[in-house]
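The values are calculated or read from the model by the stated rules, or taken from the named source; none is laboratory data. These figures come from a predicted structure and were not determined experimentally. Here the Cβ is made from the backbone with ideal geometry for all residues, glycine too, and neighbour counts use every protein chain on show. Protein only, heavy atoms only, side chains kept; ligands, DNA and RNA dropped before computing areas. Shrake-Rupley method; radii C 1.70, N 1.55, O 1.52, S 1.80 Å.
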Amino acid sequence: MRLPLCSPQHGRSRARVTHAVVVIFLEFFAWGLLTTPMLTVLRDVFPQHTFLMNGLVQGVKGFLSFLSAPLIGALSDIWGRKSFLLMTVFFTCAPIPFMKISPWWYFALISVSGIFAVTFSVIFAYVADITEEHERSTAYGLVSATFAASLVTSPAIGVYLSGQYGDSLVVLVATVIAVADIAFVFFVVPESLPDKMRLTSWGFPISWEQADPFASLRRVGKDTTVLLICVTVFLSYLPEAGQYSSFFLYLRQVIEFSPAAITGFIAMVGILSIVAQTVFFGVLMRTIGKKNTVLLGLAFQLFQLVWYGFGSEPWMMWAAGTVAAMSSITFPAISALVSHSASPDQQGVAQGMITGIRGLCNGLGPALYGFIFFLFNVELNEGEPMAGRSTASTQKLVVPGPPFLFGACSVIFALVVAFFIPERHQLAEVKTCTANKAGSSSAAHAQNGSPLAVPISDTEDLEPLLQDSVM
């Protein structure tokens, strides 16, 4: 019997996708305001090789996120989403006020915040709890579009406030928005996981085998489908993470965009991404399917990166930005593909695994891009545009953006790997804390609670996470 995931529970309001949308919007709107102040703080604290140092900071955060995301996702499957959503939003936003209080503490907190800064993992599991399978793709597209929407105006607002009143006001406004987001989760967001699927006690013992962050990696290596999905995510998101960390300054220094043009570019890509993820995404998922939508998104990303790599004129960047918006359908399509195969009590594990891979890319990508720029003598330090420098040779480079071509090569491999992802797979029941300690009555409940649930013995801990549905 299917669990009534969309039914309101007695005594509290019904969980809705709107709650997830508001949480994502407020969190990333706050960080979007800090686009310009963040570049200033980076330059002041790390005047030499700014983005290489930024890559190290982000690398620590990304690695910690990679380790913690699957565990947090699995724990949210047991204890509920709201507590972990509150935790992830709090720790993600905690560094914001320290940008002005103490820049060194700011970067230290950014690094360690990776332990809990996995909001998307919990959000996608939250959405999976409250949507039917045929609604899930659209809901994921809406959540991803909200991320783009938060960046439509926030960088421009941050630039305006910084120019008129200074960076301190921008940090203050971002802090207020972050506090509002935390308060919204605490006071407004209801729990999405049904009571019958959650533990009532927080004192439930967890063994090291269950808390081991590398357990999901061992399952990845044992199952071909999970391995293909994770490799696809890694190869496609690695260049995206690196691009996000350096692209705006690249537009300023190499392509000679003005600050107004940069904010306009961000707004254009954000608006087009919203259209792509709310209109085209749903149509594509219904017509060509999940896997083909992933392949199409990767093709757009490849085209975009090649154009960025060879483009040397502003109009080329604007044109490539329209393609970049269409490539934004890739991640929600992958999330929908994974969620389609996951049983209700395994959504957190599945999404946590994917978010963990993205967290690792968030660490490696910025450092890799900064290092490639450094190797090709393209400095990414704030200052006068390259046209005003004596090194005229840098203006005539055949390939102005070498890291983007490296990213294009990575996406080519992602396309090849994604081509071999099977169309129809189902997530096997992975033993969690509940399964380890539950008695015979809870085992019976697990079998009745999900059509995919099967009895699991102690010898089946490390079985593949995905199994073919025909087996």
Residue in the range 383-405 that is at pLDDT below 75, within 16 Å of Q48 (Cα to Cα) and out of contact with any Asp or Glu (no Cβ under 7 Å at 6 or more places or on another chain) present: yes
Test T330 against the criterion of being of a type in the set (S, T, Y), within 30 Å of V398 (Cβ to Cβ) and at pLDDT 85 or above, and give yes or no. yes
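Restricting attention to the range 305-330, and to residues there that are of a type in the set (S, T, N, Q) and surrounded by fewer than 19 Cβ atoms within 10 Å (Cβ to Cβ), which single residue is nearest to G264 (Cα to Cα)?
Among those that are of a type in the set (S, T, N, Q) and surrounded by fewer than 19 Cβ atoms within 10 Å (Cβ to Cβ), it is T322.
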Odd one out for V349 among (1) among the hydrophobic types (A, V, I, L, M, F, W, C); (2) modelled with pLDDT of 85 or more; (3) open to solvent by less than 30 Å² (accessible area, probe 1.4 Å): (2)
Go through (1) in a loop (DSSP other than H, G, I, E, B); (2) at pLDDT below 60 for L193 and report which single condition fails. (2)
Selection status of F63, open to solvent by 10 Å² or more (accessible area, probe 1.4 Å), aromatic (F, W, Y) and closer than 25 Å to G370 by Cα: yes
Just checking, which of I130, I96 is among the aliphatic types (A, V, I, L, M), in contact (Cβ under 8 Å) with a residue 60 or more places away in the chain and open to solvent by 10 Å² or more (accessible area, probe 1.4 Å)? I130
Does the range 287-304 contain any residue that is over 21 Å from Y237 (Cα atoms), in a helix (DSSP H, G or I) and open to solvent by 20 Å² or more (accessible area, probe 1.4 Å)? yes
Can you say whether A74 is in a helix (DSSP H, G or I), among the aliphatic types (A, V, I, L, M) and within 28 Å of M326 (Cα to Cα), as far as the supplied structure shows? no
